[in-house]
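Have a look at this one.
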Amino acid sequence: MSNEIKLSIINHLIELRKRIINCIVIIITTFLILSYFSNYIYHIIAIPLIKLLPYGTKMIAINISSPLFTPIKLTFILSILITMPFNIYQIWKFISPALYKKEKKIIKPLIFFSFILFYSGIIFTYYIIMPVLFIFLTKTVPNEILITADISNYLDFIMKLFITFGISFEIPILILLLCIIKIINTKTLKNNRSYILIITFIISMLVTPPDILSQIILALPMYILFEIGILFSTIYENTIQKVKEK
């Protein structure tokens, strides 16, 4: 291996180390700032369920350490989510020199809109999915049963919802990207709608409680996002076709 190649590898490793340190520092800094508000942050996340519990009922902690570590765990996850744009930017600064100008032109707007869609998925979950789901789960409980939610189990459950919907909202971007790089096309997607519908229900079964309404609440938005992805891809393919005809 020549000295030039060795030097190039070393420079790349130094640059990678710099970007990783930047990511770690911003996450830790954000976490330390938010830690002071960790209990308040958990309260905000728990509101969709708390306001539906019977009067005087509170959430419980099964483990003695849960009241301390559960809000801290939530705060750390939130720190990662908040700093995600900065961290992706660090990754972009590392890999962008190796990309062609045409590739950058395609990837940059996709990254931008993927952030918007991911955070939109989380907001949609908090304001739409969680209230509807918890109304159903709490109102169908027999009168003889008192609902007492464990704070740790609740956090794990809503994190599943947030991540699932955050990623699900990326479906239109993913489908469009796959069409751009010609891995799939809209014709194939349209012919496999029934399989996609089944897959969305399988995913919802893994995330939600084992009742059909909860699964529909999750599966339906996912399938709608799939159809939006097909719409975007169709517009893209039609645009490319018109350009070729000219």
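On a 0 to 90° scale, report how tilted helix 3-35 is relative to the longest principal axis of the chain, with both axes built from alpha carbons and the result rounded to the nearest 10.
Helix 3-35 and the main axis of the chain meet at about 20 degrees.
Cross-link list 73/160; 51/139; 108/187; 104/242; 58/139; 104/182: which exceed 19 angstrom alpha carbon to alpha carbon?
108/187; 104/242
Compute the long axis of helix 101-124 from its Cα atoms, compare it with the longest principal axis of the Cα atoms of the chain, and write down the angle in degrees, 0 to 90, nearest 10.
10 degrees
Treat every Asp and Glu Cβ in the chain as -1 and every Lys and Arg Cβ as +1, leave all other atoms uncharged, and give the resulting dipole magnitude about the Cα centre to the nearest 20 debye.
Around 1060 debye, computed over the chain.
Could you tell me which of 70, 169, 11 has its Cα farthest along the dipole of the chain towards the positive end, charges placed at Cβ (Lys, Arg +1; Asp, Glu -1), taken about the Cα centre?
11
In debye, nearest 20: dipole of region 43-141 around its Cα centre with unit charges on the Cβ of K, R (+) and D, E (-)?
Roughly 360 debye, rounded to the nearest 20.
Please name which of 180, 225, 152 has its Cα lying farthest along the dipole of the chain towards the positive end, using unit charges on Cβ (Lys, Arg +1; Asp, Glu -1) and the Cα centre as origin.
Going by the Cα projections, it comes out as 180.
Moving to a separate point now. Over the C-alpha atoms of the chain, what are the Rg and the largest Cα-to-Cα span, Dmax, in Å?
Over the chain's Cα set, Rg and Dmax evaluate to 22.5, 77 Å.
For region 119-238, what does the relative contact order come out to in percent, with C-alpha contacts under 8 Å and a separation of six or more?
33 percent
Then there's this: Could you tell me whether region 174-246 comes out rounded, prolate or oblate from its Cα gyration tensor? Rule is a ≥ b ≥ c as square roots of the eigenvalues, rounded for a/c under 1.5, then prolate if a/b exceeds b/c, otherwise oblate.
prolate
Could you work out the relative contact order of region 1-166? I mean the mean sequence separation of Cα pairs under 8 Å and 6+ apart, divided by the number of residues, in percent.
Relative contact order of region 1-166: 37 percent.
Further question: Starting from the amide H of residue 60, placed 1.01 Å from N in the peptide plane, find each other amide H under 5 Å away whose residue is 5 or more places distant or on another chain.
Under 5 Å from the amide H of residue 60 lie the amide H atoms of 149, 150, 151, each far enough along the sequence or on another chain.
Output the 0 to 90 degree angle, nearest 10, between the alpha-carbon long axis of helix 151-168 and the longest principal axis computed from the alpha carbons of the chain.
30 degrees
Every number here is computed from the coordinates shown, using simple stated rules; none is lab data. Note that the structure is a prediction, hence the values are computed from the model and not measured. A quick note on method: Cβ atoms are made from the backbone with ideal geometry, for glycine too, and the neighbour counts reach across all protein chains shown.
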